[in-house]
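**Student:** The structure follows.
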Amino acid sequence: PLLTLRAMFTYTKLRGDETKYNPGYRQFRAFKFTNGVKELSLLAQYNIFGNREYEPLFEPYVFAGAGLSFMNVKRDYSGFNAAYFGENNDQAARLAQDAAVAPPSSTIVFPLGAGLRYNFSEKFSLNMEAGYRFTRSDYVDGYSISANPKMKDKYYGITAGLIYKIGKKSKGIGCPTNAN
């Protein structure tokens, strides 16, 4: 009664623009990207209060799982200012290495998060959750060697959704009742 297995489809758009951030060197590096992500994942959900046949109305939960994200990375380094970094800096050479690599069209992801479900009927619920995605790629943003090649990319999101519960309401788990 504490665990739920769920499948999830997520469509989102990731984007970044270094010209809007500190430290100052990022404004001169000026990397930008967009990435349309479509994710299919399978999650194990731990229902903190257990599954009480849609009671209570509010149910907190945590989840973890694995999935596959299909990506469409578009990077833009047209604002890169090589003069700012100087002749002795290898930033331009590292950017050239990244530009020679086509970002992958998919990556394995490991979602981890928490949420709150509101059960408004036996079959329907609303939920809000925050989820963090650990990926197996360092090119989710289109850059690796010129950015931070020592770490794989990660991203997070806050989502709201409508849940439809399939199947029939449980009649219990078959335990004998006390007939005294």
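The values are calculated or read from the model by the stated rules, or taken from the named source; none is laboratory data. Owing to the predicted nature of the structure, the values given are computational and were not obtained by experimental measurement. Positions of Cβ are backbone-derived with ideal geometry, glycine not excepted, and every protein chain shown enters the neighbour counts. Protein only, heavy atoms only, side chains kept; ligands, DNA and RNA dropped before computing areas. Shrake-Rupley method; radii C 1.70, N 1.55, O 1.52, S 1.80 Å.
**Student:** What is the one condition in (1) modelled with pLDDT of 95 or more; (2) farther than 20 Å from ASP141 by Cβ; (3) aliphatic (A, V, I, L, M); (4) open to solvent by 80 Å² or more (accessible area, probe 1.4 Å) that ALA100 does not satisfy?
**Tutor:** Unmet condition: (2).
**Student:** Among the residues of segment 42-49, are any touching a Lys or Arg at 6+ places or on another chain (Cβ under 7 Å), surrounded by fewer than 16 Cβ atoms within 10 Å (Cβ to Cβ), hydrophobic (A, V, I, L, M, F, W, C) and within 29 Å of ARG6 (Cβ to Cβ)?
**Tutor:** Here is the first cut: in segment 42-49, the ones touching a Lys or Arg at 6+ places or on another chain (Cβ under 7 Å) are 43, 45.
Right, trim to surrounded by fewer than 16 Cβ atoms within 10 Å (Cβ to Cβ) and you get none.
The answer is no, given that none of the residues of segment 42-49 is touching a Lys or Arg at 6+ places or on another chain (Cβ under 7 Å), surrounded by fewer than 16 Cβ atoms within 10 Å (Cβ to Cβ), hydrophobic (A, V, I, L, M, F, W, C) and within 29 Å of ARG6 (Cβ to Cβ).
**Student:** Follow-up. Being part of a loop (DSSP other than H, G, I, E, B), modelled with pLDDT of 95 or more and not hydroxyl-bearing (Ser, Thr, Tyr) is the filter here, so list the residues in segment 105-144 that pass it. Let's see the steps before the verdict.
**Tutor:** Going residue by residue through segment 105-144, those that are part of a loop (DSSP other than H, G, I, E, B) are 105, 120-123, 136-144.
Among the residues that remain, those that are also modelled with pLDDT of 95 or more are: 105, 136-144.
Once the filter is applied, which keeps residues that are part of a loop (DSSP other than H, G, I, E, B), modelled with pLDDT of 95 or more and not hydroxyl-bearing (Ser, Thr, Tyr), segment 105-144 yields ARG136, ASP138, VAL140, ASP141, GLY142.
**Student:** Which one is farthest from the chain's Cα centre (by Cα) among residues in segment 122-154 that are open to solvent by 30 Å² or more (accessible area, probe 1.4 Å) and touching a residue at least 40 places away in the same chain (Cβ under 8 Å)? Break it down into steps so the answer makes sense when it comes.
**Tutor:** Filtering segment 122-154 down to residues open to solvent by 30 Å² or more (accessible area, probe 1.4 Å) leaves 122-124, 126, 128, 130, 132, 134, 136, 139, 141, 145, 147-152, 154.
In the following step, the residues that additionally are touching a residue at least 40 places away in the same chain (Cβ under 8 Å) were identified as 122-124, 139, 141, 145, 147.
Details: GLU122: 29, LYS123: 26, PHE124: 24, TYR139: 15, ASP141: 13, ILE145: 22, ALA147: 20 Å.
It comes out as GLU122.
**Student:** While we're here: Taking segment 9-23 on its own, how many of its residues are open to solvent by less than 100 Å² (accessible area, probe 1.4 Å) and at pLDDT 90 or above? Outline the logic, then answer.
**Tutor:** Of segment 9-23, the ones open to solvent by less than 100 Å² (accessible area, probe 1.4 Å) are 10, 12, 14, 16-19, 23.
Pick out the ones that are also at pLDDT 90 or above and you get 10, 12, 14, 16-19.
Residues flagged as open to solvent by less than 100 Å² (accessible area, probe 1.4 Å) and at pLDDT 90 or above within segment 9-23 amount to 7.
**Student:** Taking the stated definitions as given, is TYR156 out of contact with any Leu (no Cβ under 7 Å at 6 or more places or on another chain), modelled with pLDDT under 90 and among the hydroxyl-bearing types (Ser, Thr, Tyr)?
**Tutor:** Working: out of contact with any Leu (no Cβ under 7 Å at 6 or more places or on another chain): yes; modelled with pLDDT under 90: no; among the hydroxyl-bearing types (Ser, Thr, Tyr): yes.
The answer is no for TYR156.
**Student:** Which of (1) under 24 Å from the mean Cα position of the chain (by Cα); (2) surrounded by fewer than 17 Cβ atoms within 10 Å (Cβ to Cβ) does MET71 not meet, given it meets every other one?
**Tutor:** Among (1) under 24 Å from the mean Cα position of the chain (by Cα); (2) surrounded by fewer than 17 Cβ atoms within 10 Å (Cβ to Cβ), MET71 violates only (2).
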